[in-house]
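**Student:** Quick one: structure below, then a few questions.
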Amino acid sequence: MKKTVPLFIGIAFGCFAVAEFYIPHHHVGALSNEFRQWAAILAASAFILGGVNILQVTWPQIRRREPDWRYKVVLLVSAAIMLLVGLPWHKLGSPAKTPTVERAATADAELAARGKAAITVVVDDDVTFMIAGKSAAGTGRPVVTEVDPGEVEVKLSRRVAGYRPLTAKVTVAAGERATVHGDPPMIWGRDGRVFVWIYDHIFSPANATMFALLAFFVASAAFRAFRARNVEAALLLAAAIFMMLGRAPLGRAISDVLPDVAQWLLDVPSNGGRRAIMMGAAIGAIATGLRVILGIERSHLGSDS
Amino acid sequence: MSAEHWSAKLQRFDRRWIFLVMAVAVVVPLFVPLGLPARPDPMTKAAFNAVEALPSCGPDDVPPKCARVFVSIDLDPASTPEIEPFYRAVVLHLKRKNAKLVFATTWYQAPPLVDRYLRETIEAAIAPAGTDGYDGAADRPYRKGIDYVNLGFRDGKGAIIQAFGSDLRGAFDHRADDGTRLDRIAMLDGVNKLSDFDLIVLVSAGNPGAKEYVQYVGTRNKLPMIAACTAVSTTDLAPYYQTGQLIGLVAGMAGSAGYETLVGKPGAGTAGADVLNIGNLVVIAAIVFGNVVFFAGRRYQRRGRTS
């Protein structure tokens, strides 16, 4: 039962996924969309399972003080921090959503004569503001902007990400002066300041560093391993040199032929070989898919033990 | 005991010297650019021409007068040096045509990057009038919900890409990333699936990405798609360009630099192409040097055996 039910579910959905390609009926399409929604939900829930799995795998290793257990602690603490800062804590409170608007008691005759109104924005110098579609930077001092009478949208945003912009619609009459001030509040969650800071200042540099190291390892491997030991290796080596020269602007500076040689290598031998591999892999995938759908291949259901 | 041959000593060459040379080769061109022209290859030109063929419209025009373009940003910070220059160049190209843009991502690492890109390149002008070294048409800040929509992130790899192909709105629960209902966004009127767009732009650093778009939805729906990929993925995607399943392919930093040249606004890709020039030369020098040492050592050993 433990294996039979999942097996039949796999067979049913597998057969439907194949059949759906050949039945252009809207009911079949709608059902197919529904199943894809299920797949998306399952994929999202895999993140939760992944978190639980990390805990199950690493916690016993930390308790047993296995080799490199300190790195596991770093892993768990980092994961916990990201989880905590990724939650929208700001929704628990009620931070301001609109800036404060104050109006002058008396109208300005000179402004009124010109058919204009004025909005004064008082914000810190790390805040930018937008009045009637025109943006400007805050200076810490009052900034006066003349606008046409009517409803004017004022938006205050911080220069850096992770703060909620404050927006207000201010209706001003000719000659009226209004003052807008506010402090865009910090938010939490995926768009929050702490999450974005960790992403920008820790994850991004670390991620880029790992990829950048490849350049050094490739250069080292080129010296140590890339040897013309036989004809095939010599051909590979020559093709690599032509590709490296031909794909960089330097290649064309040396000779106009080099980029053409590189393009030919990509278009003919490389694409031919790649296509053969892709078709072979596709046929293999079809065979494996059929084995799963027909219940011959059962390794994905796990072992009996 | 005979003295050790020079080739044997060099075989044990401390590889940190190579690291040092590579570091110099990467850093120096950033400060002392060679300035060699980055000429676009045929695949990059094809991608440019696909965007160029889209209709141009005014800032306040709406589809179908304006083109609607779906941009899938599937990358992480590691791949940004190679692909981000293309993204910036193609977005400037699209904004010059006032195309309506719809953004999405299938990479969980990407949303903060996408948010930054939207702030820097969509909500602000990339090349306003008077930009130094740029004599093309100026672009303008785009308005959220009017000129562009960010649908956000959806996980599900191949399955979710298939869902984009048949029910884009359903795949995002009928809401944009900021919670706005998609049926309240006028620029999306009549858009229900990927085939309703005039062009699909794939900024793709790996899996899921351009390959999955081609395999799951591109060919089935005959979608006009262009892609940018890292240099190592070029051989994966070039066959799709050859068959017409991708109508343009921008490969690695060299491709990005070529696209910048075509758009007329040199940027990080063009600067990076200088690093590529010298970096590739260092790798070639390492290959040649390694082989000289290898053959000298082999010759020495053969002589030793015969004498």
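**Student:** Filter the stretch A:1-34 for residues that are charged (D, E, K, R) and open to solvent by less than 50 Å² (accessible area, probe 1.4 Å) and give the result.
**Tutor:** A:20
**Student:** Do we find that residue A:194 is within 30 Å of residue B:146 (Cβ to Cβ), outside the structural domain of residue A:74 (by TED's automatic domain parsing) and outside any loop (DSSP other than H, G, I, E, B) in this structure?
**Tutor:** No, not satisfied.
**Student:** Would you be able to tell me the number of residues in the stretch B:189-211 that are out of contact with any Asp or Glu (no Cβ under 9 Å at 6 or more places or on another chain) and either within 21 Å of residue B:153 (Cβ to Cβ) or not in a strand (DSSP E or B) (or both)?
**Tutor:** Residues meeting the conditions: 8.
**Student:** Go through the residues of the stretch B:275-286 one by one and say whether even a single one is closer than 17 Å to residue B:48 by Cα and within 12 Å of another protein chain (Cβ to nearest Cβ).
**Tutor:** no
**Student:** Among B:151, B:168, B:223, which is the only one that is more than 22 Å from the chain's Cα centre (by Cα) and either surrounded by 21 or more Cβ atoms within 10 Å (Cβ to Cβ) or more than 30 Å from residue B:58 (Cα to Cα) (or both)?
**Tutor:** B:168
Listed here are the residues, each with its yes/no results for (1) closer than 30 Å to residue A:88 by Cα; (2) in contact with a Pro (Cβ under 7 Å, 6 or more places away or on another chain); (3) loosely packed, with under 13 Cβ neighbours inside 10 Å.
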position	(1), (2), (3)
A:123	yes, no, no
A:129	yes, no, no
A:155	yes, yes, no
A:163	yes, yes, no
A:179	no, no, no
A:191	yes, no, no
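**Student:** Can you name the residue in the stretch B:135-148 that is farther than 23 Å from residue B:64 by Cβ and loosely packed, with under 15 Cβ neighbours inside 10 Å and, of all such residues, is nearest to the chain's Cα centre (by Cα)?
**Tutor:** The extreme case among them is B:136.
**Student:** Right, here's the next one. Kindly provide the set of residues from the stretch A:165-176 that are in contact with a Ser or Thr (Cβ under 7 Å, 6 or more places away or on another chain) and open to solvent by 20 Å² or more (accessible area, probe 1.4 Å), ordered by number.
**Tutor:** A:165, A:167
**Student:** Select from the stretch A:257-272 the residues that are under 17 Å from residue B:44 (Cβ atoms) and either open to solvent by 60 Å² or more (accessible area, probe 1.4 Å) or among the aromatic types (Phe, Trp, Tyr) (or both) and list them in ascending order.
**Tutor:** A:260, A:264
**Student:** Sticking with this structure for a sec: Got a number for residues in the stretch B:18-75 being without any contact (Cβ under 8 Å) to a residue 24 or more places away in the chain and of a type outside the set (A, V, I, L, M, F, W, C)?
**Tutor:** 4
**Student:** Filtering the stretch B:236-274 down to residues that are open to solvent by less than 40 Å² (accessible area, probe 1.4 Å) and part of a loop (DSSP other than H, G, I, E, B), which residue is farthest from the other protein chains (Cβ to nearest Cβ)?
**Tutor:** Here the residue is B:264.
**Student:** Determine whether residue A:132 is at the interface with chain B (Cβ under 10 Å from one of its Cβ atoms) and among the small types (Gly, Ala, Ser).
**Tutor:** Against the criterion (at the interface with chain B (Cβ under 10 Å from one of its Cβ atoms) and among the small types (Gly, Ala, Ser)), residue A:132 does not qualify.
**Student:** Give just the number: which of (1) assigned to a helix (DSSP H, G or I); (2) within 25 Å of residue A:259 (Cβ to Cβ) does residue A:213 not satisfy?
**Tutor:** Every condition holds for residue A:213 apart from (2).
**Student:** Using the structure shown, decide if residue A:206 is at the interface with chain B (Cβ under 9 Å from one of its Cβ atoms), aliphatic (A, V, I, L, M) and surrounded by fewer than 19 Cβ atoms within 10 Å (Cβ to Cβ).
**Tutor:** So residue A:206 fits the description; yes.
**Student:** For the stretch B:200-220, name all the residues that are open to solvent by 20 Å² or more (accessible area, probe 1.4 Å) and of a type in the set (Val, Ile, Thr).
**Tutor:** Selection gives B:219 alone.
**Student:** Same structure again: For the stretch B:77-122, name all the residues that are open to solvent by 10 Å² or more (accessible area, probe 1.4 Å), over 17 Å from the mean Cα position of the chain (by Cα) and of a type outside the set (D, E, K, R).
**Tutor:** Result: B:98, B:108, B:112.
**Student:** Scan the stretch A:69-88 for residues that are surrounded by 12 or more Cβ atoms within 10 Å (Cβ to Cβ) and either farther than 18 Å from residue A:53 by Cβ or in contact with a Cys (Cβ under 6 Å, 6 or more places away or on another chain) (or both) and report the count.
**Tutor:** Summing the residues that are surrounded by 12 or more Cβ atoms within 10 Å (Cβ to Cβ) and either farther than 18 Å from residue A:53 by Cβ or in contact with a Cys (Cβ under 6 Å, 6 or more places away or on another chain) (or both) in the stretch A:69-88 gives 6.
**Student:** I'd like the full set of residues that are more than 10 Å from chain A (Cβ to nearest Cβ) and either under 15 Å from residue B:217 (Cβ atoms) or of a type in the set (D, E, K, R) (or both), limited to the stretch B:170-186.
**Tutor:** B:175, B:181, B:183, B:184
**Student:** State yes or no: is residue A:192 of a type outside the set (Val, Ile, Thr), over 27 Å from residue B:269 (Cβ atoms) and more than 9 Å from chain B (Cβ to nearest Cβ)?
**Tutor:** Yes, satisfied.
The values are calculated or read from the model by the stated rules, or taken from the named source; none is laboratory data. These numbers come from a predicted model, not from an experiment. Neighbour counts are summed over all protein chains in view; Cβ atoms, including those assigned to glycine, are modelled from backbone coordinates with ideal geometry. Note: accessible area is taken over every heavy atom of the protein model, side chains too, but ligands, DNA and RNA are not part of it. Shrake-Rupley method; radii C 1.70, N 1.55, O 1.52, S 1.80 Å.
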